[in-house]
Amino acid sequence: MNERGLLDLIISLLPDLKLTERITLLQTFNSADDLFIQSKFDIQSLLNREIKTFWDLSELHEKAGSIDTTCRMRSINWVSWADEKYPPLLREIYDPPAVLFYRGALPNPEKSLLGMVGTRKPSPQAAEQAYKIAGNIGRAGISVVSGLALGIDAMCHRGNLIGGAPGYAVLGSGVDEVYPSANRPLAQRILDSGGALISEYHPGTRPFKSNFPARNRIIAALSRGLLIVEAPKKSGALITANFALEQGKDLWVASSGAQEGSFDRGGTVKLVNDGAEVINSACDVLEKWNMGEAPDKSGVSLAGGNRGELISSMADFLKIEM
């Protein structure tokens, strides 16, 4: 690990800093030594506020080295906001992570990603539509980014993979702490596809509840547009929708989540009532992006062996996710 990398990891570990303040430090200093020679007063002047937490920089130096060793042992890569390889769309948001950890390969910045999220307890109709849209988007060469949660997220990942696109999952834990455990095989399929597991959290970080709202801004940031398939009024998917709106992204609702019914679709119904457009199929997305027609123009199901994969995924959904 070079001096720049050491600095970036140490800054990501500094306690009680806002994300924007971490970026300020990344922009100001070029090495760990540059940071270490600063007094507390110097840092307070730079950030224009009092720092009440004591920083033991020697301890943080040691911890950064330990994280780097863990990453190398577990095939985890990381990229800093200061690195040119950092995802450009993520760099543009108000509060980007100072450091991004990932297993696999980050998405090609020249290609559009479709964010797809929804409830962990969807209706069978919404689960099937999520799978079909993601699959046909994949057949058109577009990858889906989602959160690897049970329910809609998992169906989107599965459909997109069978469509032949590399998958991308943003976690609310370290990339070595895949959650939920039921989706660990799915996480491996994402890696095998040439995609990535992505997180702003250091390796070993457990999936604390408070981590998930923050990770949703990364899903929105990596996406050109966001499709909310089905969501109740109190849903993490709606947090993702708010981030997408703040970031100026396309925001859509799937037709299965747009109608009142026996399942709780209050969140997606409200989005539609507030003006969100309704998506029926992958071809709707591609037409809005001026990218031609999707393979599902006729409205048929995924064909051939893919139908068997859908049946298998739905069986897993009914058994594990309801």
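Summary table below
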| quantity | calculated |
| --- | --- |
| Number of the condition not met by residue 246 [criteria: (1) surrounded by fewer than 22 Cβ atoms within 10 Å (Cβ to Cβ); (2) at pLDDT 95 or above; (3) closer than 27 Å to residue 67 by Cβ] | (3) |
| Test set (1) at negative phi; (2) in contact with a Gly (Cβ under 7 Å, 6 or more places away or on another chain) - residue 164 fails condition number | (1) |
| The stretch 230-248 residues that are without any contact (Cβ under 8 Å) to a residue 40 or more places away in the chain, paired with ones that are in a loop (DSSP other than H, G, I, E, B) and not polar (S, T, N, Q) (beta carbon under 6 Å, 6 or more apart) | 238/231 |
| Test: residue in the stretch 180-191 that is touching a Gly at 6+ places or on another chain (Cβ under 7 Å), crowded, with 20+ Cβ neighbours inside 10 Å and small (Gly, Ala, Ser) | no |
| Verdict on residue 172 being buried (at least 24 other Cβ atoms within 10 Å of the Cβ), farther than 20 Å from residue 255 by Cα and in contact (Cβ under 8 Å) with a residue 60 or more places away in the chain | no |
| Close pairs from the stretch 149-166: first in the same structural domain as residue 133 (by TED's automatic domain parsing) and farther than 17 Å from residue 215 by Cα, partner acidic (Asp, Glu) and not in a loop (DSSP other than H, G, I, E, B), Cβ under 7 Å, at least 6 apart | 151/321; 162/309 |
| Residue match in the stretch 18-36 (condition: within 19 Å of residue 203 (Cα to Cα), of a type in the set (Gly, Ala, Ser) and either part of a helix (DSSP H, G or I) or in contact (Cβ under 8 Å) with a residue 40 or more places away in the chain (or both)) | no |
| Strands (runs of 3 or more DSSP E) (entirely within the stretch 69-156) containing at least 2 residues that are within 24 Å of residue 279 (Cα to Cα) | 113-117, 143-146 |
| Residue that is surrounded by the fewest Cβ atoms within 10 Å (Cβ to Cβ), among those in the stretch 205-219 that are modelled with pLDDT of 95 or more and either among the basic types (Lys, Arg) or more than 24 Å from residue 234 (Cβ to Cβ) (or both) | 206 |
| Condition met for residue 84 (modelled with pLDDT under 95, under 30 Å from residue 195 (Cα atoms) and out of contact with any helix residue (DSSP H, G or I) (no Cβ under 8 Å at 6 or more places or on another chain)) | yes |
| Hits in the stretch 1-56 - residues which are among the polar types (S, T, N, Q) and either modelled with pLDDT of 90 or more or surrounded by 14 or more Cβ atoms within 10 Å (Cβ to Cβ) (or both) | 12, 20, 24, 27, 28, 30, 31, 38, 44, 45, 48 |
| Condition broken by residue 253, with the remaining ones in (1) assigned to a loop (DSSP other than H, G, I, E, B); (2) surrounded by 20 or more Cβ atoms within 10 Å (Cβ to Cβ); (3) β-branched (Val, Ile, Thr); (4) more than 15 Å from the chain's Cα centre (by Cα) satisfied | (1) |
| Hey, residue 185 assigned by TED's automatic domain parsing to the domain that holds residue 283, in a loop (DSSP other than H, G, I, E, B) and either among the acidic types (Asp, Glu) or closer than 28 Å to residue 72 by Cβ (or both) or not | no |
| Count of the stretch 115-159 residues which are acidic (Asp, Glu) and closer than 21 Å to residue 244 by Cβ | 1 |
| Long-range neighbours under 8 Å by Cβ, at least six apart or interchain, first residue on the phi > 0 side of the Ramachandran plot and in the same structural domain as residue 119 (by TED's automatic domain parsing) within the stretch 197-215, second buried (at least 19 other Cβ atoms within 10 Å of the Cβ) and not aromatic (Phe, Trp, Tyr) | 204/174; 204/176 |
| Condition broken by residue 196, with the remaining ones in (1) more than 13 Å from the chain's Cα centre (by Cα); (2) buried (at least 18 other Cβ atoms within 10 Å of the Cβ) satisfied | (1) |
| Criterion (among the polar types (S, T, N, Q) and not assigned by TED's automatic domain parsing to the domain that holds residue 164) met by exactly one of 119, 53 | 53 |
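The values are calculated or read from the model by the stated rules, or taken from the named source; none is laboratory data. Here the structure is a predicted model, which means the values were calculated and not measured. A quick note on method: Cβ atoms are made from the backbone with ideal geometry, for glycine too, and the neighbour counts reach across all protein chains shown.
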